[in-house]
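Take a look at the structure set out below.
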There are 2 protein chains.
Amino acid sequence: MITLYDALISGNGYKARLIMTLLGIPFRRVELDILKGETRTPEFLKINPNGRIPTVVLEDGRILAESNAILWYFAEGTRFLPQDRFARAQALQWMCFEQYSHEPNIATVRFWVHAGLDKQRAAAVAEKRKLGIAALEVMERYLTDRRYFVGERCSIADIALYAYTHVAEEGGFDLSHYPAIRGWLGRVAAEPGHIPITQG
Amino acid sequence: MITLYDALISGNGYKARLIMTLLGIPFRRVELDILKGETRTPEFLKINPNGRIPTVVLEDGRILAESNAILWYFAEGTRFLPQDRFARAQALQWMCFEQYSHEPNIATVRFWVHAGLDKQRAAAVAEKRKLGIAALEVMERYLTDRRYFVGERCSIADIALYAYTHVAEEGGFDLSHYPAIRGWLGRVAAEPGHIPITQG
């Protein structure tokens, strides 16, 4: 069976849990405590030398890391990844946007709020909040006349962006300003087989 | 003809220039001055609402942003993207590693050195230098017994990581500590049709 090294607090981990669940792929989950350094032990660094979850070990022992690469791997050949070459690149564009412009701000502020804001972090939060709001505004404008990020159905671009957007309020981002985003969150959550981030 | 909105200082722009040149795809380049805010003008935000280069406008007017999505788009069906499903996901894994663990540290420090280090940045540099070295160490260990990041030939994973690694010393990272990385840089640079980052 596939093994997913994971942490329930993590939206990146959630992307992997969610795509496998949506596709009906069985997996076992190993919960690691990021705050206790369990992703940096010598044992785990042998599995993922970059020391991060999610990391997937396939049934044949091959290992895949990085949430968006895991999404892509499981989605290839399914309804969650477009067939058209340009649409595939668009999906990847939004996944790169998520990892570069969205996650480092929105997810990081949420994580700091959970972990406790020390003085140094409190200073960095203001900048990250500004950049997080800019990312939400890019999404809001784009979704104003669209149902999904790529084409007419839920793809891995939506799953990637859903993961940390739907819990952005835990980091103090007020989603009431973004009606198009809220409508889109509801559509992604209505996907058959959807599970909440808290479900392992 | 394809239009590439670009900046010669940018390794992300270089990825787009390099893949199109390696594949013999003609394009015209529009140089934007990031430091003067030319990627945030109302005109450019109509092209890329996220206000970043590289951004590609295809001959039919369709627009693609994010360096690694651009790499993927042009590489599909060529020797630079593996056919095998797992190998494709591995390429994406390293491209995600580049955007999340490598570029925000190694590229950002280089950019700050070019743009001038103010006091606030000088404080952030120490942390980014530490994280940048950690990324280089992950690469060095992985390349110790491998010629390329995925399989036995140069792929877009190598191009993505080459872009800012080969100029890391401009940000003060000492590559003399990383013989495997230096050997790999030489192999990527020897790819037929290679151009330097300074070539528009």
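Given all pairs of different Cα atoms, what value in angstroms does the Kirkwood hydrodynamic radius of segment B:2-75 take?
Details: mean 1/r = 0.0826 Å⁻¹.
Every distinct Cα pair counted, the radius reaches 12.1 Å.
How many percent of DSSP beta bridges within the protein assembly as shown run antiparallel, rounded to 5?
Percent antiparallel among DSSP bridges in the protein assembly as shown is about 55.
Mean separation of Cα pairs under 8 Å and 6+ residues apart, divided by the residue count of segment A:54-200: what relative contact order is that in percent?
Relative contact order, segment A:54-200: 26 percent.
Rounded if a/c is under 1.5, else prolate if a/b beats b/c, else oblate: with a ≥ b ≥ c from the C-alpha gyration tensor eigenvalues square-rooted, which is chain A? Please list the in-between numbers first.
Values: a/c = 1.82, a/b = 1.06, b/c = 1.72.
It is oblate, given that a/c is not under 1.5 and a/b is not larger than b/c.
Sum up the lysine pairs in the protein assembly as shown that clear both bars: alpha-carbon distance under 20 Å and a spacing of 8 or more or different chains.
Here the count comes out as 10.
Using DSSP to define loop residues, name the trypsin sites (Lys or Arg not before Pro) in segment B:59-91 whose beta-carbon has at most 14 other beta-carbon atoms within 10 Å.
B:ARG62, B:ARG79
Using a Förster distance of 56 Å, how high is the FRET efficiency between B:ALA189 and A:ASP174, based on the Cβ-Cβ distance and rounded to 0.05?
For R0 = 56 Å, the calculated efficiency reads 0.70.
Please compute the modelled spin-label separation between A:GLU152 and B:GLU76, points set 7 Å along Cα→Cβ, answer in nm with one decimal.
Spacing of the two 7 Å Cα→Cβ label points: 1.9 nm.
In chain A, what % of DSSP beta bridges are antiparallel (nearest 5)?
55
Shortest first, in nm, what separates the label point of A:ARG129 from those of the same position in the other copies (7 Å along Cα→Cβ)?
3.1
Only Cα pairs within less than 10 Å get springs; with that Gaussian network setup on chain B, which residue of B:ARG17, B:ARG147, B:ARG28 has the largest fluctuation?
Looking only at B:ARG17, B:ARG147, B:ARG28, the biggest GNM fluctuation is shown by B:ARG28.
Need the full-extension length gain, A:GLU127 to A:ASP33, defined as separation in residues times 0.36 nm minus the C-alpha distance. One decimal, nm.
Working it through step by step, the gained length comes to 31.1 nm.
In the calculated pair distance distribution of segment A:85-189, what percentage of Cα-Cα distances lie above 20 Å?
The share of Cα pairs beyond 20 Å in segment A:85-189 comes to 36 percent.
Using a/c under 1.5 as the rounded threshold, could you call the protein assembly as shown rounded, prolate or oblate? The axes a ≥ b ≥ c are square roots of the C-alpha gyration tensor eigenvalues, and prolate needs a/b larger than b/c, oblate otherwise.
Details: a/c = 1.21, a/b = 1.15, b/c = 1.05.
Judged from the Cα gyration tensor, the protein assembly as shown comes out rounded (a/c under 1.5).
With label points built 7 Å along Cα→Cβ from the Cα atoms of A:ARG182 and B:GLU59, find their separation and express it in nm.
My value for the distance between the label points is 4.6 nm.
Residues of B:96-103, mean number of Cβ from any other protein chain within 10 Å of their own Cβ, rounded to a whole number?
The per-residue average across the peptide is 5.
For label points placed 7 Å from Cα toward Cβ, what is the shortest-first list of nm distances from B:ARG62 to its copies?
2.8
Compute the label-point distances linking A:GLU76 to its equivalents in the other copies; points lie 7 Å from Cα along Cα→Cβ; give nm, one decimal, shortest first.
Listed shortest first, these distances are 1.3 nm.
With label points built 7 Å along Cα→Cβ from the Cα atoms of A:GLU137 and B:ILE25, find their separation and express it in nm.
3.1
Can you check what the net charge comes to around B:PHE173, using other residues whose Cβ is under 9 Å from the Cβ of B:PHE173 (Lys, Arg +1; Asp, Glu -1)?
Numbers: positive: B:ARG110, B:ARG129; negative: B:GLU169, B:GLU170, B:ASP174.
Net charge around B:PHE173: -1.
If we sort B:52-60, A:6-14, A:157-165 on the protection proxy, mean other Cβ atoms within 10 Å, highest first, what's the order? Don't skip to the end; give the middle numbers.
On the way: B:52-60: 19.1, A:6-14: 22.7, A:157-165: 27.1.
Output ranking for B:52-60, A:6-14, A:157-165: A:157-165, A:6-14, B:52-60.
Coordinate-derived values only; no laboratory data. This one's a predicted model, so the numbers in the text were calculated from it and none came from an experiment. Cβ sites come from the backbone with ideal geometry, for glycine too, and all protein chains shown count toward neighbours.
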